[in-house]
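Worksheet: one structure, shown below.
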Amino acid sequence: MPNFISEDQIEQALLQRLQHVCGFDVLNCHTTDPADLNDGSGRMDKRDVLLPAHLTSAALRLNPQIPEPVVLAALARLGDRRQAMSLVAANREVDGLLRDGIAVNFEDAQGRQQQAQLRLIDFNSVANNEFLAVSQLWVKCTGISALADYRRPDVLLYVNGIPLVFVELKNSNVKLRSAYSDNLTNYKNDIPQLFITNAFCVLSNAIETRLGSLTGQWEHFFGWLRLNDEKEKIDRAQIAEAGTSLERLAEGLFQRERLLDYVENFVLFHRETNKILAQNHQFIGVNHALAQFEERNTHSAHDKAARGKLGVFWHTQGSGKSFSMVFYVRKIFRKLTGNFTFVVVTDRDDLDGQIYRNFLNTGTVKPQDAAQPKNSEELRKFLGQNKRLVFTLIQKFRYAKGATYPVLSER
């Protein structure tokens, strides 16, 4: 059996790793009196979860072309607790603001009306952001049926004064499920304002570590043990014995560049009510596939066999093939310039329909930009157009026997 590891030991080990390995600053906000505003967070109201000085400084730095009063007004919109909305609807709305910025209008120095997207996070340059690990932050409860006056999460990961990651810890002899049932569930009920900006939640007792979304049930929370290769051999018994599961997650996901990549490209909403997160193998595999995509034309002339070939991303049954496709296509559309068409080829009607619906229901593609041809003739027509996505059965590539197969696309 593993040696006993206390919750405080786990917390201190995590903070040390975040600071010395992952590049975070660390702030302990514990006060004996939960109502004490002198906790180092700079908040003027304990109901708030945004760190005002950090947020304002980052927003002004990232948006020098936007007048300060306009920036401050936009940040007030971000800080709205959205109490009239469901938590998942509020989270989805703010997810869009974090990823794409807040739309603002202002008058420039020449008196001309301007429109811009006020950036809250610089996803293209890690160094332009501030990363802060905050421990023991008291938050005043605002939930209608709150079970307490205040709640104090163990660790929160902030980027530019915005809490993106919730971490709940337990002693190593406590079943991890209690962190979900007794803590995360109550926190969402009592301090919902904390989860409006939340990207994902982490639960750990060192022996076992899982992460999941605010809409996820316990069975949807998953582990994160592989660091750089989805084929890496994992000794789960040794990791449990040493109590290093949280350390592996921190190294694999909390490195600053990886965290920003995950928040930007590997979080999505399905049918607007279910938040989906990429699992360990999807994050690593999609990024490997993306690297191959970026290098598709760089092979030397004598290595013609390798030109344009991206390789194979192998999945087991039930491991999320269609969502891996979604994450892959979404990241290419967002991060790379080019007029790309993706052709998704399957051999079963039900699978073809499932993948098509997943792309639509996650907002990855709009119906007018996708195509699901009814027959071979329509497939050839769609491939000659600039559709962003074409979903087809492999048998629709059939052609008249003995006839020369036509060029489907010069692209």
>> Among the residues of the stretch 313-363, what is the count of those that are in a helix (DSSP H, G or I) and either closer than 13 Å to residue 388 by Cβ or of a type outside the set (Gly, Ala, Ser) (or both)?
In response: 25
> Within the stretch 231-275, can you find the residues that are over 30 Å from residue 96 (Cβ atoms) and free of Cβ contacts under 8 Å to residues at least 40 places away in the same chain?
Replying inline: 231, 232, 233, 234, 235, 236, 237, 238, 239, 244, 248
>> Can you tell me which residue is surrounded by the most Cβ atoms within 10 Å (Cβ to Cβ) among those in the stretch 196-205 that are touching a residue at least 60 places away in the same chain (Cβ under 8 Å) and more than 14 Å from residue 83 (Cβ to Cβ)?
In response: 204
> Counting just the residues of the stretch 173-195 that are assigned to a loop (DSSP other than H, G, I, E, B) and in contact with a Ser or Thr (Cβ under 8 Å, 6 or more places away or on another chain), which one comes out nearest to residue 82 (Cα to Cα)?
Replying inline: 191
>> I'd like to verify a number: residues in the stretch 256-287 that are farther than 20 Å from residue 359 by Cβ and surrounded by fewer than 18 Cβ atoms within 10 Å (Cβ to Cβ), how many?
In response: 2
> Looking only at the stretch 387-408, which residues are farther than 17 Å from residue 342 by Cα and either touching a strand residue (DSSP E or B) at 6+ places or on another chain (Cβ under 8 Å) or among the hydroxyl-bearing types (Ser, Thr, Tyr) (or both)?
Replying inline: 399, 404, 405
> Tell me, which residue of the stretch 73-87 that is in a helix (DSSP H, G or I) and out of contact with any helix residue (DSSP H, G or I) (no Cβ under 7 Å at 6 or more places or on another chain) is farthest from residue 117 (Cα to Cα)?
Replying inline: 79
> Condition test on residue 90, is it part of a helix (DSSP H, G or I), surrounded by fewer than 16 Cβ atoms within 10 Å (Cβ to Cβ) and among the aliphatic types (A, V, I, L, M)?
Replying inline: no
> Can you tell me which residue in the stretch 266-307 is modelled with the lowest pLDDT, limited to those that are part of a loop (DSSP other than H, G, I, E, B) and aliphatic (A, V, I, L, M)?
Replying inline: 301
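The values are calculated or read from the model by the stated rules, or taken from the named source; none is laboratory data. All figures in this text were calculated on a predicted structure; none of them were measured in a lab. Positions of Cβ are generated from backbone atoms using ideal geometry, with glycine treated the same way; all protein chains shown enter the neighbour counts.
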